[in-house]
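Here's the structure, in structure tokens; my notes come after.
The values are calculated or read from the model by the stated rules, or taken from the named source; none is laboratory data. These numbers come from a predicted model, not from an experiment. Don't worry about glycine lacking a Cβ; one is built from the backbone with ideal geometry, like all the others, and counts go over all protein chains shown.
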Amino acid sequence: MLSRVADNLYWMARYLERAEHGARVLDVKLEAMLEEAAEDTAEGWVRALATLTNPMASWGIAAPSDIAHRLTFDRQSNNSVLMCIRYARDNARQMREQISTEMWGRLNRLYLRASDPEAEREWRRAPVPFLNGVIDDLMMFSGLTDSTMRHGEGWHFIQIGRYLERAQCVSRLLDVYFGDLPDDVPYKLRAPRYADWIGLLKQCTGFEAYCKVYTADVDPNRIAEFLLLDAEFPHSLRFSVDRLNDELLAIGPGAAGGPQRKAERLAGRLKASLDYGQVDELLGGDIDHFLHDVQERCVEIHESVFDAFIAYGVEDLLRA
């Protein structure tokens, strides 16, 4: 596969996963505001900002609705929901022939709807239904990808981008709740409360799945075990890394040998640390360091994927 096509497919998937994650975090926080006290709302948005943006210094003091609006529509931010959808569409347009007509139609309609001036007025009237609609469209796109696209190399690159981005998003989200806040967050927060833990599960689409495993006993240790180590829940860190490892192995021959093997080794080591991890050891030790290490390994895997499949040279092909 051409490196340009691999690059486009990979980044299309990453941006769409980032858009869905951001929309879901905002959706959960906006719904929670209806029942929270003012202090709880403020702390919830500090966590949301720490999860979705870096650094936070430019935000200052802003109303929650303004924060949510900016995180949805800000055209100056690479991480706003709208810009992630735009970048995904730009990548899809450059290799339009590699994806199905249904995929392109869904993504194009989503972008045109979200970028229309009426979208911001719709958001002001009813932000939660608007975000729910965006999430639904993104999930439909994922379903169309799996059901209308041949599961060849192109599909595998989409899965690599999707699950690498998901692993980074989930690890950062868990770090905000279980570890220390990033250095750029000038606030001291109370320990998460019962409602915060439910919100964390919902931000990972995991509340119902968690209850089916552990009943409705919302316990931080069990939540950590579920979101870190559950091998069967699609938004757990372990599941994401397992799938990432599988997809890298599935690409098989055809890439630069050395860089590809490096990406496989890095993903394999990360997979092993989660396959054999124990939640008591993680929580009893330095979970902050562990989650930071996961994020750093994800960056290393990204760089290795780029070297192996996108930026490889002639000498790499001769060695492969």
(request) Give the residues of the stretch 111-122 that are farther than 13 Å from D74 by Cα and within 23 Å of the chain's Cα centre (by Cα), sorted by residue number. (result) Y111, L112, R113
(request) Answer yes or no: is there a residue in the stretch 51-66 that is crowded, with 20+ Cβ neighbours inside 10 Å, in a helix (DSSP H, G or I) and out of contact with any His (no Cβ under 9 Å at 6 or more places or on another chain). (result) no
(message) Restricting to the stretch 121-180, and then to whatever is assigned to a loop (DSSP other than H, G, I, E, B) and closer than 23 Å to L237 by Cβ, can you tell me which residue is modelled with the highest pLDDT?
(response) G179
(message) Give me the residue from the stretch 37-67 that is touching a helix residue (DSSP H, G or I) at 6+ places or on another chain (Cβ under 7 Å) and farther than 24 Å from H292 by Cβ and, out of that set, modelled with the lowest pLDDT.
(response) T41
(message) What's the total number of residues in the stretch 95-119 that are surrounded by fewer than 16 Cβ atoms within 10 Å (Cβ to Cβ) and not aliphatic (A, V, I, L, M)?
(response) 10
(message) With under 17 Å from the mean Cα position of the chain (by Cα) and closer than 30 Å to G154 by Cβ as the only criterion, which of E264, E296 stands out?
(response) E296
(message) Where the second residue is of a type in the set (F, W, Y) and assigned to a helix (DSSP H, G or I) and the first is free of Cβ contacts under 8 Å to residues at least 24 places away in the same chain and closer than 13 Å to G22 by Cα and lies in the stretch 62-79, which pairs have Cβ atoms under 8 Å and are six or more apart or on separate chains?
(response) I67/W45; I67/W59; N78/Y87
(message) It is to be established whether one or more residues within the stretch 237-257 are on the phi < 0 side of the Ramachandran plot, at pLDDT 95 or above, assigned to a loop (DSSP other than H, G, I, E, B) and surrounded by fewer than 17 Cβ atoms within 10 Å (Cβ to Cβ).
(response) no
(message) Any residue at all in the stretch 17-28 that's basic (K, R) and over 30 Å from G152 (Cβ atoms)?
(response) no
